[in-house]
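The values are calculated or read from the model by the stated rules, or taken from the named source; none is laboratory data. What you are looking at is a predicted structure, and each value in this text was computed from that prediction instead of being measured. FYI the Cβ positions are ideal-geometry reconstructions off the backbone, even for glycines, and counts take in every protein chain you see. These area figures cover heavy atoms from the full protein model, side chains too; ligands, DNA and RNA do not enter into them. Shrake-Rupley method; radii C 1.70, N 1.55, O 1.52, S 1.80 Å.
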Amino acid sequence: MRLRSSAALVAVVLTAASLAACSAKNDSATDAGGSASTGSASTGSASSASAASCAPADLHLYSPGKLTVATDSPAYAPWFKKDDPSNGQGFESAVAYAVAKQLGFSADQVTWTKQAFNTSYTPGAKKFDFDINQISITPERAKVATFSDGYYTADQAVITLDKNKDKASSLAGLKSLKLGAETATTSLTAIRDDVQPSSQPLVFDTDDQAKQALLHGQIDGLVTDLPSADYISSEIKGSTVAGRFSNSEPEEFGLLFAKGNPLVTCVDQALATLKSNGTLDQLQQQWLANMESVPVLK
């Protein structure tokens, strides 16, 4: 999901309170990716804006004449390149510009703003039109924010150093390993529901911190979405993507809006066009590795 080679390892906070908080968030993520939740997240705003025009001049925008898009900082590969969302490189940057084009915006009419992942789906007004940042659509998040239809479906996967490769090749073997994941993510849900490890997972503010913990032996395995796992493994010598989870429902990433933002109706139309004309598939092939060979954990 996110990584950076130069970030210092931040002390891991593994208190009962933090674990309880994560569990609370992830309780709601168990059904992540369910199409029903996606639909319900969008339907409320869609109904109120179904008759609205999708011409740029008629769109409900944060800043008139511009499409304001948010993502986290740093912006990690393979979703973005060179920590610069505005360069159009990386899967999510490319998707954002493709949506903007469908809505009638030129590239220079797209403005990027920073929004921390963990605060993107908190209740309240937003300082952007939509956020694109590997945000899984979950029923709990959809209570306080509106999601577009999904633009990518991702499995969760585990990265481990080669010395733990054999143990990490099965769900039974993973139980005895110390696992970690980014806080408030569906990766934690996968650990809890699919692995049910013998010890509590360590929780990190970012995938980069988790990556450093893996490098320094604080955890035996890091769980994140499959494309991020593949990229992280390519940066850690002597590591491997041991497998992906199949028990959890596949997660859908959606564009996140302020609750009830009618713009989602036009964005869903744009995404439908990008899906039907093959653009989303083409961008996926261009920016995300083919990971069909990663074994399913059993």
Query raised in the report: Do you know which residues across the stretch 192-223 are closer than 18 Å to ALA75 by Cβ and either out of contact with any Lys or Arg (no Cβ under 8 Å at 6 or more places or on another chain) or assigned to a helix (DSSP H, G or I) (or both)?
Result: PHE204, ASP205, ASP207, ASP208, GLN209, ALA210, LYS211
Query - Qualifying positions in the stretch 134-188 - open to solvent by 10 Å² or more (accessible area, probe 1.4 Å), assigned to a loop (DSSP other than H, G, I, E, B) and in contact with a helix residue (DSSP H, G or I) (Cβ under 8 Å, 6 or more places away or on another chain) - result: ASP155, ASP166, LYS175, SER176, THR183
**Report entry** Subset of the stretch 124-173 (residues that are farther than 26 Å from VAL110 by Cα, within 18 Å of the chain's Cα centre (by Cα) and among the acidic types (Asp, Glu))
**Finding:** GLU140, ASP155
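Being assigned to a loop (DSSP other than H, G, I, E, B) and either of a type in the set (A, V, I, L, M, F, W, C) or under 23 Å from SER53 (Cβ atoms) (or both) is the filter; apply it to the stretch 81-119 and report the residue that is nearest to the chain's Cα centre (by Cα). Step through it out loud before you land on a result.
At the first step, the residues of the stretch 81-119 found to be assigned to a loop (DSSP other than H, G, I, E, B) are 81-84, 88-90, 104-106, 115-116.
Now narrow it down to the ones that are either of a type in the set (A, V, I, L, M, F, W, C) or under 23 Å from SER53 (Cβ atoms) (or both): 104-106, 116.
Values: GLY104: 26, PHE105: 25, SER106: 26, ALA116: 12 Å.
The extreme case among them is ALA116.
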Requested in this report: Return a yes/no flag: does the stretch 224-244 have any residue that is closer than 30 Å to LEU263 by Cβ, in a helix (DSSP H, G or I), open to solvent by less than 30 Å² (accessible area, probe 1.4 Å) and in contact with a strand residue (DSSP E or B) (Cβ under 7 Å, 6 or more places away or on another chain).
Outcome: yes
Report summary line: Counting only residues in the stretch 120-133 that are assigned to a loop (DSSP other than H, G, I, E, B) and among the hydrophobic types (A, V, I, L, M, F, W, C), the one nearest to ASP193 (Cα to Cα) is identified as ILE132
**Report entry** the stretch 174-201, subset among the small types (Gly, Ala, Ser) and at negative phi, residue nearest to the chain's Cα centre (by Cα)
**Finding:** SER187
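Kindly indicate the residue of the stretch 269-298 that is of a type in the set (Ser, Thr, Tyr) and in contact with a helix residue (DSSP H, G or I) (Cβ under 9 Å, 6 or more places away or on another chain) and also surrounded by the fewest Cβ atoms within 10 Å (Cβ to Cβ) among those meeting that condition. Please lay out each step first, then the result.
At the first step, the residues of the stretch 269-298 found to be of a type in the set (Ser, Thr, Tyr) are 273, 276, 279, 293.
Okay, now just the ones that are also in contact with a helix residue (DSSP H, G or I) (Cβ under 9 Å, 6 or more places away or on another chain), so 273, 279.
Details: THR273: 14, THR279: 18.
Within the stretch 269-298, the match that is surrounded by the fewest Cβ atoms within 10 Å (Cβ to Cβ) is THR273.
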